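Novice: The structure's right below; bear with me while I get my questions together.
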Amino acid sequence: SSGPTCCGGTARSCAPPINNFLIGVGAAAASTCSPKNVTITARDSSNNTLTTYTGTVNIATSPAHGNWSVVTANGTLTPGAADSGTASYGFVVADNGVITLALSNTHADDTTVTVVDNSVPSTSSTSSVINFRDNTFVITNDPIQVAGRNQAMTAAMWRRDLTTGNCAIDAGYTGAKNLDAWLTLDVDNPTGAAVPTIGALTLPTSAPASNPASNNLALTFTSGSANFDLSTTDVGKYALNLRDDT
């Protein structure tokens, strides 16, 4: 007797079809001076990662600005025209359905990223908004992140000179600064996990109101940079946001 057949008549299990893409941008803030990492995950109709996905995707930004490069990916990225925000990428088995690309954008835009399988139009998926700005905090993570261990972090105020176009840390951003700080929880953040703290501040998971009265964190900057510890008692996956209301 013959067994069940699928995928062109071969007797084997078939992977679920591609349904959508999860486009992870982390915190909304981004700098026109440095690339923004964007993670693209292929998913089925139950939003499970399709680890065997090997399709080709078309990538575009709105507004149509920016250039793409590879951070972590094993397939071939084909960039579109310079500063068009477009590219195509062919997933390979070694990607396990997940890639991370970098988007560089010298325009101070509120940008979204759309990804679609080039043969399945219904898979078109759009990210949350990325706020590219000429003046922004660039946060450097501790390279070793372990729950229960303090993470040594640095925040730097970067500015793009509107005359020369050059980017640099603003050495004049110095002294005690009252800021807003909060977390953007990733969809993979464990339910009920304890959030981290900075000093006495337990970080909220939504943005405070954008006015000086909402400031919840004081950091002291020297020549544009401030060091601080992110203290953790639990595992988690999230992005840290900082904002200067002034």
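The values are calculated or read from the model by the stated rules, or taken from the named source; none is laboratory data. As the structure is a prediction and not an experimental result, all values here were calculated from the model. Positions of Cβ are backbone-derived with ideal geometry, glycine not excepted, and every protein chain shown enters the neighbour counts. Calculation scope for accessible area: heavy atoms of the full protein, side chains included, ligands and nucleic acids excluded. Shrake-Rupley method; radii C 1.70, N 1.55, O 1.52, S 1.80 Å.
Novice: What distance in nm lies between label points placed 7 Å from Cα along the C-beta direction at S128 and D186?
Specialist: 1.3 nm
Novice: Let me know the charge dipole size of the chain about its Cα centre in debye, to the nearest 20, where only the beta-carbon of Lys, Arg (+1) and Asp, Glu (-1) is charged.
Specialist: Numbers: 10 positive and 17 negative charges, 53 e Å.
It works out to roughly 260 debye.
Novice: So, taking all protein chains as they sit and a 1.4 Å probe, how much accessible area belongs to F91, in Å² rounded to tens?
Specialist: 10 Å²
Novice: At 1.4 Å probe radius, can you tell me the per residue accessible area of the chain in Å²? Each step should come with its number before you reach the end.
Specialist: Working: 12460 Å² over 246 residues.
Per residue, the chain has 51 Å² of solvent-accessible surface.
Novice: Once you sort the root eigenvalues of the Cα gyration tensor of the range 45-108 as a ≥ b ≥ c, which label holds: rounded (a/c under 1.5), prolate (a/b larger than b/c) or oblate (the other case)?
Specialist: Details: a/c = 2.36, a/b = 1.91, b/c = 1.24.
Verdict is prolate for the range 45-108.
Novice: Sticking with this structure for a sec: On the accessible surface of the range 120-246, probed at 1.4 Å, how many percent belong to carbon and sulfur atoms? List each step's numbers first, then the result.
Specialist: Working: 3510 of 6870 Å².
Carbon-and-sulfur percentage of accessible area, whole number: 51.
Novice: So how do K177, K237, K36 rank on accessible area, 1.4 Å probe, biggest first, that is with the largest at the start?
Specialist: K237, K177, K36
Novice: Using the crude model of +1 on Lys and Arg Cβ and -1 on Asp and Glu Cβ, and no other charge, please compute the dipole size for the range 181-246 relative to its Cα centre, in debye to 20.
Specialist: Details: 2 positive and 6 negative charges, 13 e Å.
Charge dipole, the range 181-246, about its Cα centre: 60 debye, nearest 20.
Novice: Further question: With a/c under 1.5 counting as rounded, go ahead and sort the range 112-204 into rounded, prolate or oblate using the C-alpha gyration tensor (a ≥ b ≥ c being the square roots of the eigenvalues; past the cut-off, prolate if a/b is larger than b/c, else oblate).
Specialist: Numbers: a/c = 2.48, a/b = 1.14, b/c = 2.17.
Note, shape of the range 112-204 comes out oblate.
Novice: Given Cβ point charges of +1 (Lys, Arg) and -1 (Asp, Glu) and nothing else, what value in debye, to the nearest 20, does the dipole of the range 130-246 about its Cα centre take? Kindly include the intermediate steps, with their values, before the conclusion.
Specialist: Values: 7 positive and 11 negative charges, 18 e Å.
The calculated dipole for the range 130-246 is roughly 80 debye.
Novice: Whenever you get a sec, line up L22, L50 from highest to lowest accessible area (probe 1.4 Å, protein heavy atoms). Intermediate values should be presented prior to the final figure.
Specialist: Values: L22 50, L50 10 Å².
Per-residue accessible area, sorted high to low, gives L22, L50.
Novice: How many angstrom separate the Cα center of the range 18-40 from the Cα center of the range 205-246?
Specialist: Measuring centre to centre over Cα atoms gives 20 Å.
Novice: For a test of the definition: using alpha carbon positions, the gyration tensor, and the 1.5 limit on a/c, classify the range 19-163 as rounded, prolate or oblate. Could you put the intermediate results ahead of the total?
Specialist: Values: a/c = 2.10, a/b = 1.29, b/c = 1.62.
Because a/c hits 1.5 or more and a/b fails to exceed b/c, the range 19-163 counts as oblate.
Novice: Take every Cα pair under 8 Å in the range 136-246 that's 6+ residues apart, average their separations, divide by the length, and report that relative contact order as a whole percent.
Specialist: On the way: 240 pairs, mean separation 42.2, N = 111.
It rounds to 38 percent for the range 136-246.
Novice: Now for a separate question. How much FRET efficiency would the formula 1/(1 + (r/R0)^6) give for N178 and S223, where r is the Cβ-Cβ distance and R0 is 22 Å, rounded to 0.05? Mind dumping the intermediate values first?
Specialist: Values: r = 19 Å, r/R0 = 0.86.
Once the sixth-power term is evaluated, E becomes 0.70.
Novice: Given a 1.4 Å probe and heavy atoms of the protein chains only, how would you sort V146, V93, V25, largest accessible area at the top? Don't skip to the answer; put the middle values down first.
Specialist: Details: V146 75, V93 100, V25 10 Å².
These residues rank, largest area first, as V93, V146, V25.
Novice: Given that just one value was derived from the coordinates, which of [x] 45, 17, 16; [y] 35, 25, 17; [z] 38, 23, 14 is semi-axes √(5λ) of the Cα gyration tensor in Å?
Specialist: From the options [x] 45, 17, 16; [y] 35, 25, 17; [z] 38, 23, 14, the structure gives [z].
Novice: With labels modelled as points extended 7 Å from the Cα through the Cβ direction, what inter-label distance (nm, one decimal) is found for T154 paired with T76?
Specialist: Each label point is offset 7 Å from its Cα along the Cβ direction, giving 3.9 nm.
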